[in-house]
1. Please order 42, 101 by the number of other Cβ within 10 Å, starting at the fewest.
2. Using only the alpha-carbon atoms, what does region 77-147 span along each of its principal axes? Please give whole angstrom values in decreasing order.
3. Once label points are set 7 Å from the Cα along Cα→Cβ at both residue 18 and residue 38, what is their separation, rounded to one decimal in nm?
4. When the Cα atoms of region 6-124 are enclosed in a convex hull and the volume is divided per residue, what value in Å³ results?
5. I need the calculated FRET efficiency for the pair residue 147 and residue 48, taking r as the beta carbon distance and R₀ as 30 Å, to the nearest 0.05.
6. Please report, in cubic angstrom per residue, the volume enclosed by the convex hull of the alpha-carbon atoms of region 1-51.
7. Report the charge-dipole magnitude of region 6-124 in Debye, nearest 20, computed about the Cα centre from +1 at each Lys and Arg Cβ and -1 at each Asp and Glu Cβ.
8. So what is the relative contact order for the chain, in percent, with contacts set as C-alpha pairs under 8 Å and at least six apart?
Amino acid sequence: MYTEQLTQALAVVGAIHAVSHATGTDVTITDIDIAKYKRLLFLIDVGAIGTGTVDAKLRESKTAGGTYQDISGGAITQITASSKITTIEIRADELDAGYEFVQLSLTVGTAAVLLAVLVLGGEGVHKPVGGSVGGNDIAAVTQRLVV
């Protein structure tokens, strides 16, 4: 019987590290290949926001670096308060036919905002999905510790 640890079930496939983003900044995590996973989970962590706003939406493309289009229902309710976390989850079968790549597009409005994003790929096509540095994780992952 295959017993999977949570760190083996999830791969870190994208990140925006915590930093202050200026008004009018458009930030993206792009070309996430959902064909390797059945689900993607986007964790958006907004710290100090002041009078700023954060909008986020998921987009899809047929090819890496291709033309992206909005995913129906993939936009969050605008974040206007500090210390909030929003998640967006999408299944591979929710993309339009022929689309394989996902992009998270964030827009900061009104004033600078401190935010971070982590993207996790789950229910991998091949097991384990994660669990070792350098596997399906992005290069920023330096350690995976299980106690």
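1. 101, 42
2. 43, 39, 19
3. 3.4 nm
4. Spelled out: Cα convex hull of region 6-124, divided by residues, is 94 Å³.
5. That gives a FRET efficiency of 0.40.
6. Expressed per residue, the convex hull around the Cα atoms of region 1-51 is 111 Å³.
7. Dipole magnitude for region 6-124 comes out near 200 debye.
8. About 44 percent, as a whole number.
We did not get these values from a lab; they are worked out from the coordinates using the rules stated. As the structure is a prediction and not an experimental result, all values here were calculated from the model. Neighbour counts are summed over all protein chains in view; Cβ atoms, including those assigned to glycine, are modelled from backbone coordinates with ideal geometry.
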